[in-house]
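*Asks:* Shown below is the structure under consideration.
The values are calculated or read from the model by the stated rules, or taken from the named source; none is laboratory data. If you're wondering where the values come from, they're calculated on a predicted model, not measured in any experiment. Backbone-built Cβ (ideal geometry, glycine too); neighbour counts: all protein chains shown. Quick note on the areas: whole protein, heavy atoms, side chains included, nothing else; ligands and nucleic acids left out. Shrake-Rupley method; radii C 1.70, N 1.55, O 1.52, S 1.80 Å.
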Amino acid sequence: MGSSSSALKICTDHQGGINWLSLSPDGQWLLTGSEDGTARLWSTADSQCRGHFQGHESYITFCHLENEAAFTCSADHTIRKWDVMTGQCLAVYRGHTSIVNRILVAKDYLFSGSYDRTARCWSMDKEKPIQEFRGHRNCVLTLALYSSRDLLGDSEGEESEEEKLSKGFLVTGSTDCTVKVWWVSSGRCHQTLLGHTGAILCLILDPPNRELFSGSTDYTIRTWNIVTGEQLRVFKEHQGAIICLEAKAICTGGKQGIANSGLKNSWRIGPGLEMGHEFFC
């Protein structure tokens, strides 16, 4: 991208900073969560605001958009589900006792992480938590979810959402410098991953390779074996906090290497001709 690049569209209806963006699966809609306590739905075709979601009593920290429903969480300690077409609030999830920092939507279930040092699991059609994850000594900032079937590569047979959840693991990152892996069914901590010296801001999973990546304010990215909890690699190129990670599958016939490009750093992970991953931060 050269210096002559310019914005294609500008959306200016919010009355405060934008804390999060979420694009719908079909790419036609953009959801924004703002410091002004509202979320807005925009058409990506013409940049017009098509929905205005009001009801939170404080700023919105995070938002997530499905094709028919929107989800927001807020410093007012709540999570809300919205009807995308009407703007109506469909559900309010109450239980956290401090800022809700992050949510993760998994079909019929909703996961949340909070400054109250807990993560919680909610049934989508209920407004009370069905599981609580306690053990962090400070704020829960980021979440990831995987199933034991993901690790085994087992795709045979159909399972209900309840059966999938019973085999699920929730991963949480915290300002206490740890990553924790939890059994979703029991809320019990399965593993605590130690190594970072700063808050964990982002997580990304690679279940087929049984690996987890974590990014931190200690300027590093670390790779972990999901099964054993062993720390596999540490990446130290950055001179600041790692606030986001994104991975894509690659197939390379060369040696493992590192590439730097403009405003992003990318690392290739995986030997020889095997399928590896390149992640950007």
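*Asks:* Could you please give the count of residues in the stretch 100-119 that are open to solvent by less than 10 Å² (accessible area, probe 1.4 Å), closer than 19 Å to Lys167 by Cβ and among the small types (Gly, Ala, Ser)?
*Replies:* Result for the stretch 100-119: 1.
*Asks:* If we scan the stretch 181-198, do we find a residue that is in a strand (DSSP E or B), within 19 Å of Phe235 (Cα to Cα), out of contact with any helix residue (DSSP H, G or I) (no Cβ under 9 Å at 6 or more places or on another chain) and among the β-branched types (Val, Ile, Thr)?
*Replies:* no
*Asks:* Considering each of Gly55, Gly51, Gly37 in turn, give the residue that is part of a strand (DSSP E or B) and surrounded by 16 or more Cβ atoms within 10 Å (Cβ to Cβ).
*Replies:* Gly51
*Asks:* Can you tell me which residue in the stretch 195-237 is farthest from the chain's Cα centre (by Cα), limited to those that are open to solvent by less than 40 Å² (accessible area, probe 1.4 Å) and of a type in the set (D, E, K, R)?
*Replies:* Asp218
*Asks:* Shifting gears a bit: Output the residues belonging to the stretch 63-97 that are open to solvent by less than 30 Å² (accessible area, probe 1.4 Å) and among the hydroxyl-bearing types (Ser, Thr, Tyr).
*Replies:* Residues satisfying the conditions are Thr72, Ser74, Thr78, Tyr93.
*Asks:* Let me ask another. Give the residues of the stretch 44-69 that are closer than 24 Å to Gln28 by Cα and in contact (Cβ under 8 Å) with a residue 40 or more places away in the chain, sorted by residue number.
*Replies:* Ile60, Thr61, Phe62, Cys63, His64, Leu65, Glu66, Asn67
*Asks:* Under 6 Å between Cβ atoms, which residue pairs at least 6 apart in sequence (or on different chains) link something in the stretch 81-102 that is hydroxyl-bearing (Ser, Thr, Tyr) with a partner that is surrounded by 13 or more Cβ atoms within 10 Å (Cβ to Cβ) and part of a loop (DSSP other than H, G, I, E, B)?
*Replies:* If the second residue must be surrounded by 13 or more Cβ atoms within 10 Å (Cβ to Cβ) and part of a loop (DSSP other than H, G, I, E, B), the pairs left are Tyr93/Glu127; Thr97/Asp116; Ser98/Tyr115; Ser98/Asp116.
*Asks:* Still on this structure, I have one more. Of the numbered conditions (1) of a type outside the set (Gly, Ala, Ser); (2) open to solvent by 10 Å² or more (accessible area, probe 1.4 Å); (3) touching a residue at least 24 places away in the same chain (Cβ under 8 Å); (4) part of a strand (DSSP E or B), Trp122 satisfies every one except a single condition; which is it?
*Replies:* Only one criterion is unmet by Trp122, namely (2).
*Asks:* Then there is this: Please indicate, with yes or no, whether at least one residue in the stretch 5-26 is open to solvent by 70 Å² or more (accessible area, probe 1.4 Å) and touching a Lys or Arg at 6+ places or on another chain (Cβ under 8 Å).
*Replies:* no
*Asks:* Assess whether Gly240 counts as being assigned to a loop (DSSP other than H, G, I, E, B), surrounded by fewer than 18 Cβ atoms within 10 Å (Cβ to Cβ), in contact with a strand residue (DSSP E or B) (Cβ under 8 Å, 6 or more places away or on another chain) and at pLDDT 50 or above.
*Replies:* In short, no.
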